[in-house]
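Undergrad: I am attaching a structure below and will ask some questions about it afterwards.
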Amino acid sequence: MSTPSVPAGVDLSAPHSARVWNYWLGGKDNYPVDRELGDQILRIHPKIAVDARAGRAFLVRTITHLAREEGVRQFLDVGTGLPTHQNTHEIAQAAAPDARVVYVDNDPMVLAHARALLTGTAEGATEFVDQDLRETDQVLARAGELLDLDRPVGLSVIGTLGHIPTLKEAVDIVRAYLAGLPSGSFLVVADAVLPKEGSAADALDEWNKEAALAYRGHTPAEFASYFEGLELLEPGIGPSPLWRPEPVDVGDTPDTDMYGAVARKP
């Protein structure tokens, strides 16, 4: 595998979650330090690659649903990660060419590839906000330069909230974003719900020993807390492949720890 050049500000002293995730998804924007940890985790818990793909497939189905069935034309993708195929703007604009999408991330590697996230349809628009996702007021102010925050927005946070050190802080961040969005907006979350023992727990321990950014798994109740006070869309909360699977997926549901749900702000 060829190794990409190193953008300014990128730290190669430790593996980084966005780059390891990119590796598990089959991308090329990663380095030997990332692939080494990625392979270590795969040896301990091979299902992690399934989790990565399940999260991406869930994003495709949910954004398509919001654009096509719910009439959403504005999207805020928080904790973007590295561009791959089927990025949020590509999904949304395939269903609604006039959709507007704002990406939020402050990782130098993601920033170096931001131009790939700024292409789209002539009818729509995309923008990239280089900001720490925890700075919710600043993010919303910047997002409001492209999005009309008086109209419904689809807020997506995929595989990101587990990197927030505590559940309380993660829930508070979600609440702060939703407080800045109007009634009729939607929350889309996918993240890992992990057992306390077994290969998944062992893999999490290994990750937190080696990676630059620690990860915190969820219990089912902890994951559900992101959606308190919201109106869950059917089928509710559960493993992400069970959220409105395409007909070709039926009967071939992957076994994954990646949970997902979509809810409407009343």
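The values are calculated or read from the model by the stated rules, or taken from the named source; none is laboratory data. Please read all numbers here as calculations on a predicted model, not as lab measurements. Here the Cβ is made from the backbone with ideal geometry for all residues, glycine too, and neighbour counts use every protein chain on show.
Undergrad: Is it true that some residue in the stretch 130-152 is in contact (Cβ under 8 Å) with a residue 60 or more places away in the chain, touching a helix residue (DSSP H, G or I) at 6+ places or on another chain (Cβ under 8 Å), buried (at least 18 other Cβ atoms within 10 Å of the Cβ) and hydroxyl-bearing (Ser, Thr, Tyr)?
TA: The answer is no, given that none of the residues of the stretch 130-152 is in contact (Cβ under 8 Å) with a residue 60 or more places away in the chain, touching a helix residue (DSSP H, G or I) at 6+ places or on another chain (Cβ under 8 Å), buried (at least 18 other Cβ atoms within 10 Å of the Cβ) and hydroxyl-bearing (Ser, Thr, Tyr).
Undergrad: Which of the residues belonging to the stretch 15-50 are touching a residue at least 60 places away in the same chain (Cβ under 8 Å) and polar (S, T, N, Q)?
TA: Once the filter is applied, which keeps residues that are touching a residue at least 60 places away in the same chain (Cβ under 8 Å) and polar (S, T, N, Q), the stretch 15-50 yields Ser17, Asn22, Gln40.
Undergrad: Identify the single condition in (1) buried (at least 17 other Cβ atoms within 10 Å of the Cβ); (2) within 24 Å of Val174 (Cα to Cα) that His113 does not satisfy, given that it satisfies every other one.
TA: Single failed check for His113: (2).
Undergrad: Then there's this: Collect the residues in the stretch 246-266 that are farther than 15 Å from Val157 by Cβ, of a type outside the set (Asp, Glu), modelled with pLDDT of 90 or more and touching a helix residue (DSSP H, G or I) at 6+ places or on another chain (Cβ under 8 Å), keeping them in residue-number order. First the steps, then the outcome.
TA: Within the stretch 246-266, the first condition is being farther than 15 Å from Val157 by Cβ, and the residues that meet it are 246-257, 264, 266.
After this cut, where a residue has to be of a type outside the set (Asp, Glu) as well, the list is 247-248, 250-251, 253-254, 256, 264, 266.
Narrowing the set further to residues that are modelled with pLDDT of 90 or more leaves 256, 264, 266.
Result: Thr256, single match.
Undergrad: Return the residue satisfying two criteria in turn: it lies in the stretch 2-40 and is hydroxyl-bearing (Ser, Thr, Tyr) and at pLDDT 80 or above, and of such residues it is surrounded by the fewest Cβ atoms within 10 Å (Cβ to Cβ).
TA: Going residue by residue through the stretch 2-40, those that are hydroxyl-bearing (Ser, Thr, Tyr) are 2-3, 5, 13, 17, 23, 31.
Now restrict to residues that are at pLDDT 80 or above: 17, 23, 31.
Working: Ser17: 22, Tyr23: 25, Tyr31: 19.
Ranking the candidates gives Tyr31 first.
Undergrad: Would you confirm, using the coordinates I've provided, whether Leu213 is closer than 22 Å to Tyr103 by Cβ and either free of Cβ contacts under 8 Å to residues at least 12 places away in the same chain or surrounded by fewer than 21 Cβ atoms within 10 Å (Cβ to Cβ) (or both)?
TA: Details: closer than 22 Å to Tyr103 by Cβ: yes; either free of Cβ contacts under 8 Å to residues at least 12 places away in the same chain or surrounded by fewer than 21 Cβ atoms within 10 Å (Cβ to Cβ) (or both): yes.
The answer is yes for Leu213.
Undergrad: Among the residues of the stretch 51-72, is there at least one that is free of Cβ contacts under 8 Å to residues at least 40 places away in the same chain and closer than 20 Å to Gln138 by Cβ?
TA: No, because not a single residue in the stretch 51-72 is free of Cβ contacts under 8 Å to residues at least 40 places away in the same chain and closer than 20 Å to Gln138 by Cβ.
Undergrad: Please go through (1) surrounded by fewer than 23 Cβ atoms within 10 Å (Cβ to Cβ); (2) modelled with pLDDT under 95; (3) over 15 Å from Val189 (Cβ atoms) for Thr64 and return the number of the only condition it doesn't satisfy.
TA: It is condition (2) that Thr64 fails.
Undergrad: Kindly list the number of the only condition in (1) polar (S, T, N, Q); (2) over 26 Å from Ala203 (Cα atoms); (3) modelled with pLDDT of 85 or more that fails for Thr80.
TA: Of everything listed in (1) polar (S, T, N, Q); (2) over 26 Å from Ala203 (Cα atoms); (3) modelled with pLDDT of 85 or more, Thr80 misses just condition (2).
Undergrad: Scan the stretch 84-108 residue by residue and report those that are surrounded by fewer than 24 Cβ atoms within 10 Å (Cβ to Cβ), touching a residue at least 40 places away in the same chain (Cβ under 8 Å) and either within 13 Å of Val188 (Cβ to Cβ) or not charged (D, E, K, R) (or both).
TA: Passing the criteria: Thr84, Pro108.
Undergrad: Looking at (1) among the polar types (S, T, N, Q); (2) free of Cβ contacts under 8 Å to residues at least 40 places away in the same chain; (3) closer than 28 Å to Arg73 by Cβ, find the lone condition where Asn208 falls short.
TA: Answer for Asn208: the failing condition is (3).
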